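Student: Please read through the structure below; I'll follow up with questions.
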Amino acid sequence: MGNPNCGKTSLFNFASGAHEHVGNYSGVTVDAKEGVAEFEGYTFKLVDLPGTYSLSAYSPEELYVRKQIVEQVPDVIVNVVDASNIERNLYLTTQLIDMHLRMVCALNMYDECEKRGDRLEVNTLAQLMGVPMIPCSFKEGRGVQELFHTIIRIYENREGTIENYRHIHINHGHEIEDGISHIQKYLKKVPNVREKYSTRFLAIKLLERDNDIKEYVSHLPHAEEIFYETVVADKRVREEMHEDTETAIMDAKYGFIRGALKEAKHQTGVKKDTYKTTHKLDRLLTNRIIGFPLFVLILFLMFHATFTLGQYPMDWIEMGVDGCSTIVSMLLPDGMLKDMLTDGVIGGVGSVIVFLPQILILYTFISFMEDSGYMARAAFIMDKLMHKMGLHGKSFIPLIMGFGCNVPAIMACRTIESRRSRLVTMLILPLMSCSARLPIYIMIVGTFFAAQYRSLILIALYVIGVFLSIIMSRVFCRFVVKGDDSPFVMELPPYRFPTLKAIGRHTWEKGKQYLKKMGGIILVASIVVWALGYFPHNESLSRQQQQEQSYIGHIGKAIEPIFTPMGFNWKLDVGLVSGVGAKEIVASTLGVLYSDDDSFGDDDSFSEENTSKYQRMRQQMENDGITPLAAFCFLLFVLIYFPCVASISAIKGETGKWKWAVFVAGYTTILAWCISAVVYQIGNLII
């Protein structure tokens, strides 16, 4: 455990070989991640806890971390400390010392301190804190073996302290220490309380007016005496020190830290300013005049590159898919199996898998922005806009994560301290275009719009989603979710150039998840859609007639009147319904319904120079009456309507109530219908 950005997850990944994402901004780890490592005959169960600045009860992650270490009681805590910002990081260490837990401190990023010319007598500081301290650099693997040697020594000496180290009590001053002693006297009378908590830690937290600890103590024997001593001690501190007890305790801890660092001859070097580049870049990238336009430009370049660079490998994959379909057609005799493989499996899965290059390119950009530290600056840049939405900058992190996938983004909302901001952020998150919608966008945009306009239309969809989220956030803050917001400080970590290995690993992890979907839910859905379009089968009918009289045709025709105001046909309607499970299924459904149609076999438009997949699909859709305006309205509907089932489930899990999950499903679908219908009707009048 440790502060955000201190390198916990880097250690976790290095030691366990896990591929958890390491983002250079607060709140990446929103849950405990577990891994396993082997070293010198021992098997280690590693748990990566969320980053937290303290063990107070102000934010969900602080409560979560405290609950984990109290209820799961680890054999050893690895307290990861950012050595380049050691004074602030050691505050959490002092609270862990109060809890009397077996611990080792990993001084991460020690190489940056050495480059800067910092001076620190590590052994002296370790003796003063009563905790072993190991200089490390997890980026290079430096110090990891020594760290694990120390963990083993602490574990093997469970009954006492590790050699050369004694457990210390941080002195908070006479008045506070006197109060702690009086409260402890009654706490020690309670049987079994010390199995979960250090009585000293409980006493300190009571003096800090920690509501979670007060609730716990209220159910203990002698609760009245304990609370009485707390009130007496608190009153005495206020009278003697002229400040509240929590502030006095915090000042005492920082005083201890500064004294220990001075004794350890800590000095910040001037040999090299390791943050010089960071300061220069921040003057440009976070400038209040050009910072926002630069951010928009970066987003535009990201989407433009996604389209242009991804087109080449996309064409290769498309050729491979067409080749597979041709081979299967040649090898198998005519019949249901051949139709299922060519139209259902290859047509459905192939229509989605061709977009894998774009997905990988998009995630490469997002990984680079996260790992480099620019994502935290994006939150800082957007803070002013977030305030106008009734939120604050910290809400921007989950919203940006929503461009990747809404489910982890919804889970990341638990790091937002304010209940109102947390809930409103979850309610508007489905308006962020997740990567699952990208194949649909690329399919429709590539089909109906000229190459020079594709990037603009794609980024317009993302901007519309953001614009709608701003409006809905204002509405929700004013009429739906009441309560006060809480202030926060957004940490701006130093810029670090991410390694190609790290970016490649993160990108491949996302790509692997995408491929797993291809072999799972997308494959099953494609076969189901094909079967609904195949049965009841009649060989004498043309392909178009067969689809219209099939089960899926009947379903589509039944719901077609609902979507008539948007200019959709029954095939698009069926695609939207199938997308309730997962948005990629919309693309695979359209891929099945608009696979090469034999009714166009003699059409002159299928000459050799005019046979791209986009052109063939556009011909079929135009023959079905779909115009570019209707196609754009379809994209708007996909952008806004019902989030996937996994997102609905995540909202229920995070809020604890089905009403908010149902509310999101309802309002997004109604909003999608209204906006698409209005745009189509107005567009028809203008065009």
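Student: If I ignore ligands, DNA and RNA and count only protein heavy atoms, how much of residue 530 is accessible to a 1.4 Å probe, in Å² to the nearest 10?
Tutor: 20 Å²
Student: Of 176, 465, 683, whose Cα points farthest to the positive end of the dipole of the chain (charges on the beta-carbon: +1 Lys, Arg; -1 Asp, Glu; origin at the Cα centre)?
Tutor: In the chain, that residue is 176.
Student: If you don't mind, another one. Helix 276-285: angle to the longest alpha-carbon principal axis of the chain, degrees 0 to 90, nearest 10?
Tutor: 50 degrees
Student: When only alpha-carbon atoms count, how far does the chain stretch along each of its three principal axes, as whole angstroms with the largest first?
Tutor: The principal-axis extents, from largest down, are 94, 52, 50 Å.
Student: About the Cα centre of the chain, how large is the charge dipole given +1 on each Lys and Arg Cβ and -1 on each Asp and Glu Cβ? Please answer in debye to the nearest 20.
Tutor: 1520 debye
Student: Going by alpha carbons, how many degrees (0 to 90, nearest 10) lie between the helix axis of 451-475 and the longest principal axis of the chain?
Tutor: 50 degrees
Student: Next question, about the same structure. Which order do the peptides 298-311, 195-208, 325-338 take when ranked by the mean count of other beta-carbon atoms within 10 Å per residue, highest first?
Tutor: Ranked by mean Cβ neighbours within 10 Å, highest first: 195-208, 298-311, 325-338.
Student: Something else now. How many Å² of accessible area per residue for the chain, probe 1.4 Å?
Tutor: 45 Å²
Student: Subtracting the Cα-Cα distance from 0.36 nm times the residue separation, let me have the gained length for residue 662 to residue 474 in nm, one decimal.
Tutor: Gain on stretching residue 662 to residue 474: 65.7 nm.
Student: Would you work out which of 650, 365, 289 lies farthest towards the positive end of the dipole of the chain? Charges go on Cβ: Lys and Arg +1, Asp and Glu -1.
Tutor: Working it through, the farthest residue towards the positive pole turns out to be 289.
Student: Mean separation of Cα pairs under 8 Å and 6+ residues apart, divided by the residue count of the chain: what relative contact order is that in percent?
Tutor: Averaging sequence separation for qualifying contacts and normalising by length gives 12 percent for the chain.
Student: How large a share of the accessible area of the chain, in percent, is made up of carbon and sulfur atoms when the probe is 1.4 Å and the other protein chains stay in place?
Tutor: 59 percent
Student: What's the extension gain from residue 516 to residue 549 if we count 0.36 nm per residue and subtract their Cα-Cα distance?
Tutor: Roughly 8.6 nm would be gained on extension.
Student: Could you list which residues have their amide H under 5 Å from that of residue 142, counting only those 5 or more apart in sequence or on another chain, with H placed in the peptide plane?
Tutor: Amide H to amide H, under 5 Å and 5 or more residues apart or across chains, residue 142 pairs with 137.
Student: What do you get for GluC sites (Glu not before Pro) in the range 104-147 restricted to DSSP loop and a cutoff of at most 16 other Cβ within 10 Å of the site's Cβ?
Tutor: Qualifying residues, ordered by number: 121, 140.
Student: Rounded to the nearest 20 debye, what is the charge dipole size of the range 183-264 about its Cα centre when +1 sits on each Lys and Arg Cβ and -1 on each Asp and Glu Cβ?
Tutor: 380 debye
Student: Could you give the angle, 0 to 90 degrees to the nearest 10, between helix 245-263's Cα long axis and the longest principal axis of the Cα atoms of the chain?
Tutor: 80 degrees
Student: Please give the peptides 434-441, 564-571 ranked by average Cβ packing (other Cβ atoms within 10 Å per residue), highest first, as a rough proxy for protection.
Tutor: The peptides rank, most packed first, as 434-441, 564-571.
Student: To continue, here is another question. Would you please put 578-591, 233-246 in order of how densely packed they are, using the mean number of other Cβ atoms within 10 angstrom per residue and starting with the highest?
Tutor: Per-residue Cβ counts within 10 Å, averaged per peptide and sorted highest first, yield 578-591, 233-246.
The values are calculated or read from the model by the stated rules, or taken from the named source; none is laboratory data. Keep in mind the model is a prediction, meaning the values are calculated, not measured. Glycine also receives a Cβ, built like all others from the backbone with ideal geometry; neighbour counts cover every protein chain displayed. Surface accessibility is based on the protein's heavy atoms, side chains included, excluding ligands, DNA and RNA. Shrake-Rupley method; radii C 1.70, N 1.55, O 1.52, S 1.80 Å.
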